[in-house]
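Only one structure is covered here, and it is reproduced in the block below.
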Amino acid sequence: MGTRAATASALATWTAAEAAAALHAGECSARELLKAATAAMGRTRQLNAFVGGVLSTAAADADASDERRDTSRGRDDARSTPDAGSILDGVPIAVKDNFCVRGAPTTAGSGMLRGYEPPLESTVTSRLRAAGAVIVGKCNMDEFGMGSANVNSASGACINPWVARPAQRPAQSPDGGSIDDRSIARSIDDHRLGPRSAGGSSGGSACAVASGAAILAVGSDTGGSVRLPAAYCGVVGLKPSYGSVSRWGLVPYCSSLDTPGFLARSVSDAAVAMHVTHGSDPLDSTTNSRVDRAKLGRWIDANDDVGKFLTRLEVSGGVSGGMPGRFRRNGGSPFVRSKVGMPLAGWRVGVPVEYDVAECSNEVRAAWSETCELLERLGASVTPVTLPSTAAALAAYYVLAPAEASSNLARYDGVRYGRNGAVNGGYGTARDGELGRRQTTRFKPGTEGVFVASGGREGFHESTASARSRGFGPEVQRRVLVGTYVLGTDVTARYFDRAQRVRRVVSEEFARVFSGGGGGGAGGAGGGSDAFGLSGRARGIAHTGVDLLLTPTAPTVAPLLYGPGGVGEGDQSGFDQSGTGRFAHSAHTTTAGYAADAMTVPASLAGLPAISLPVGLGFESGMPVGMQLIAPRGCDVELVGAAWHVERALADAAANGGGVGPGVTGGDDKDLGRPLIGWGRDHRAQGTVDAVRFSAMGDFV
């Protein structure tokens, strides 16, 4: 099958474009890719990234993909290269468990929906199938998307495939003798190397890509649920503009914020997935055509990584007529293959000073500063901006999201969903809470569907309350109670209406920053610019408008799942001992989870496109660090183009020894003459079962 046979190790590092090249050249088959994905799922099952096994439809879809290629090769007029849509033909893709998929249960991480098989297919997955993608499995997630650590799941917590590395490697034992690797491991503080959170709520999707079980994954982003797991797991996470990708078939959490997104190993892969799935959908009234499909397709064709497998379109300049006035004004283009190394010349990138919070770790802040310097080397002008309502955005989110959730989740009464009413013990049944015996129920004639119990003491309200107390996890119950409270008639103006006003203000501040208002405030040489590593020409608060915003995706690297400072109190005893692996919740868990959304929520409230890029391994923790780029609403293509250039620059930095994490001295890598940031092929996670993951990174593996 050639040199690029679909081995599990190849699957762990291939992008969709590389897989498409191997498939098209006949060096592997879709069935072999599926076999490798299946093997990876089994090998990394301890990560708990998937819910259930391989989908029953996967084998047939893979065979159909191979048959299409065989038929195409037999035609005299067959194209020498696949088109933009067929780059996904035969590629194994994982899907978050809140998307309805034909042939698979959809539980949204909740016991309330255990065993539920929907009678429909989501628009996102149907469009991916139409492009030939092979959906291999459903991914673990926080229940109904409510969480930032993927611990609020009926299927148990999802484990980050990355393992932290210590800051230094002792050459001798304390008594002066030599020590082996086992003694080194024993000498490392346990809390440093404990299992880490994969992020939420799309933790399973990010984990599937990072561990090599899928090349691409679908997630959903309400307040950061694609970008946060992407940052924690070291993958690319793209959240499109709200309304650019259909929500039809997505189990809702907060309908005015829910946005399908994509987790991938490269910006190009995320762009291809968006190209295939975005656009107006008559089944979702919120969709629109603000993102130019043709323009996105031209970018994919022009991309070096993808274009050599597609139309081989030669681009000598920007795509004509496709760019908004803002980007034409700057003269820079994300589409240009620059020969002088400054593809972002003329672009203005804003750094919001409010995002430099006290909770930002030293390694995240250092990576932020170096990313600013990288953008300047690419020709962009980096300048501080101010978004005064950033602090209020998180509070507004945790009023609005629970309010909408309480309305959306009102449909779950324990009768209409789940396998034969899994929670209540049978469809159309109610359980007596005191006697524990089942009662048959019926619709009383003339009541047009009013649910009543035939005999016994429980009616509809009692049985529904009983079902929800067993079917919903603690976090869902908590947020439903909050939402119900803030929608109460006597407190609505105090909470919900005020949160709506904050949301409008947040959107207006973003609009002013992008259009030239700058958000107000003043700055100077001492206005915080030095903290971000900005050059002299970038001093002061911008008032002339910026094209992009750069922020950390999260204030820290992936936190521990349990132990000191973790997202759950205590240690492994935080897990339920019943064998289900369900995580024991605590006040500490929810507090840490809420704070993790601080960097991602504001863009969600404004409906803006955003992308998280892995920029390197933290110099203290050795865990992935993610940076976020935010663009004006509808400018998804420009965002993708700029992120692609940043990604290429990070690959160059990685080739020069950057972003490899702790040095042998445990100090700042700049002391060793190498950059703190950098991300290349050797950085792509291989899963915790591989003995050596970073052979090109020196002795410290």
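Bear in mind these aren't lab numbers, they're just calculated from the coordinates by the rules spelled out. On a predicted model such as this, the values are computed, not experimentally measured, just so you know. Cβ: placed from backbone, ideal geometry, glycine included. Neighbour counts: every protein chain shown.
Numbers for the structure displayed
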| read-out | value |
| --- | --- |
| Cβ-defined net charge surrounding Thr492, 13 Å radius [Lys, Arg +1; Asp, Glu -1] | +1 |
| Likely footprinting exposure, Val415, Val640, fewest C-beta neighbours within 10 Å first | Val415, Val640 |
| Amide hydrogen neighbours beyond the local backbone of Cys139, cut-off 5 Å, H modeled | Val51, Val95, Lys96, Asp97 |
| Kirkwood Rh in Å, taken over segment 14-149 so that all alpha-carbon pairs contribute | 15.8 |
| Qualifying trypsin sites (Lys or Arg not before Pro) in segment 202-265, DSSP loop, other Cβ atoms within 10 Å at most 10 | none |
| Order of Met623, Met112, Met599 - criterion: other Cβ atoms within 10 Å of each residue's Cβ, fewest first | Met623, Met112, Met599 |
| From phi via Karplus (6.51, -1.76, 1.60), per-residue ³J(HN,Hα) for segment 208-216 in Hz, x at Gly/Pro | 4, 6, 5, 8, x, 8, 8, 7, 9 |
| Footprinting exposure proxy for Ile93, Ile215 (fewest neighbouring C-beta atoms within 10 Å first) | Ile93, Ile215 |
| In order through segment 646-658: 3J(HN,Hα) via Karplus (6.51 cos²θ - 1.76 cosθ + 1.60), integer Hz, x for Gly, Pro | 5, 4, 5, 5, 5, 5, 5, 5, 5, 5, 9, x, x |
